[in-house]
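Accompanying notes for the structure given below.
The values are calculated or read from the model by the stated rules, or taken from the named source; none is laboratory data. In this text the structure is predicted, and so the values were computed from the model without any measurement. With ideal geometry, Cβ positions are generated from the backbone for all residues, glycine too; neighbour counts draw on all protein chains shown. Surface accessibility is based on the protein's heavy atoms, side chains included, excluding ligands, DNA and RNA. Shrake-Rupley method; radii C 1.70, N 1.55, O 1.52, S 1.80 Å.
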Amino acid sequence: TDDRERTNLLRALSADQTWLVQLRVTADSDIDALTAYWGRGGRAQVVRPILESLSKVPGGASLSVGALLPPFVQTRLATYPAPTLDPVERQHDCHWTSMNFFSAVPDDRFSRNPDVLVEELKTRYYPVFGNFQLGDVVMFMVGERLFHSAVYIADDILFTKNGPIPSNPWMFVRVADMMGYYPQPGAIRVVYYRRKDLGS
């Protein structure tokens, strides 16, 4: 009946459910292990001082894991893409997001050609079957058809973007919930890949 009510209705209809994920650090926390995990991709020197500071807070302290992630993620998490007429930027979807997780300068090849994604997986990645690590790329498939990708954060939490449209934000989601976004006619396979230069 008025602008406020219309705004509330639009907000409710367009909302996406996400997770607010925090890491708690105390004086007893293994800072070396935490640094090794959250500092993957050559970022240990950035992450360690943050973790050490948290460990010195009496009683411990919590921090959003977004603050420990690469700049590509920090600038996008829980945000929507800016409207654009650029045909390449309008294709920034889950695959572009997944393959640029550690990128200082995003590579737009992944927003234009799915063959580039397949070739990248073949040459720079290898499949992993357990002990998943920050930055592992998670592929959702039916048979050999890839329909979505995301990035493993920790404890079943993924970072992703659902499609290129501006009304879909970059967000955290659980693996099981992710499968519910894309109902498929066949059984869904979830396959994890790790960049070769990030080690085991």
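Hey, among the residues in segment 162-176 that are free of Cβ contacts under 8 Å to residues at least 40 places away in the same chain and not in a loop (DSSP other than H, G, I, E, B), which one's most open to solvent (accessible area, probe 1.4 Å)? Walk me through how you get there before you give the answer.
Within segment 162-176, the first condition is being free of Cβ contacts under 8 Å to residues at least 40 places away in the same chain, and the residues that meet it are 165, 175-176.
Within this subset, residues satisfying the condition of being not in a loop (DSSP other than H, G, I, E, B) are 175-176.
Numbers: VAL175: 14, ALA176: 68 Å².
Within segment 162-176, the match that is most open to solvent (accessible area, probe 1.4 Å) is ALA176.
Being surrounded by 18 or more Cβ atoms within 10 Å (Cβ to Cβ) and either basic (Lys, Arg) or touching a His at 6+ places or on another chain (Cβ under 6 Å) (or both) is the filter here; which residues of segment 44-80 pass it?
ARG76
In segment 136-161, what residues are open to solvent by less than 10 Å² (accessible area, probe 1.4 Å) and in a loop (DSSP other than H, G, I, E, B)?
Result: ASP136, single match.
The conditions are (1) closer than 27 Å to MET139 by Cβ; (2) at pLDDT below 95; (3) open to solvent by 50 Å² or more (accessible area, probe 1.4 Å), and PRO83 fails exactly one of them. Which is it?
Going through (1) closer than 27 Å to MET139 by Cβ; (2) at pLDDT below 95; (3) open to solvent by 50 Å² or more (accessible area, probe 1.4 Å) one by one, PRO83 breaks only (1).
Quick check on segment 177-200: of everything there that is part of a loop (DSSP other than H, G, I, E, B) and exposed (fewer than 13 other Cβ atoms within 10 Å of the Cβ), which residue is modelled with the lowest pLDDT? Give the derivation first.
Filtering segment 177-200 down to residues part of a loop (DSSP other than H, G, I, E, B) leaves 182-187, 199-200.
From what is left, the residues that are exposed (fewer than 13 other Cβ atoms within 10 Å of the Cβ) are 183, 185-187, 199-200.
Details: PRO183: 83, PRO185: 87, GLY186: 88, ALA187: 91, GLY199: 70, SER200: 64.
The residue in question is SER200.
Show the residue pairs meeting these rules: Cβ distance below 8 Å; 6+ apart or different chains; first residue within segment 177-189 and within 16 Å of TYR152 (Cβ to Cβ); second residue among the polar types (S, T, N, Q) and surrounded by 13 or more Cβ atoms within 10 Å (Cβ to Cβ).
These pairs meet every condition: MET178/THR160.
Is it the case that some residue within segment 101-111 is open to solvent by 30 Å² or more (accessible area, probe 1.4 Å), among the charged types (D, E, K, R), without any contact (Cβ under 8 Å) to a residue 60 or more places away in the chain and closer than 26 Å to TRP38 by Cα? Write out each step before concluding.
Looking only at segment 101-111, we keep the residues that are open to solvent by 30 Å² or more (accessible area, probe 1.4 Å), and these are 102-109.
Within this subset, residues satisfying the condition of being among the charged types (D, E, K, R) are 107-109.
If we keep only those that are without any contact (Cβ under 8 Å) to a residue 60 or more places away in the chain too, we end up with 107-109.
Retained after the next criterion (residues that are closer than 26 Å to TRP38 by Cα): 107-108.
The answer is yes; a qualifying residue exists.
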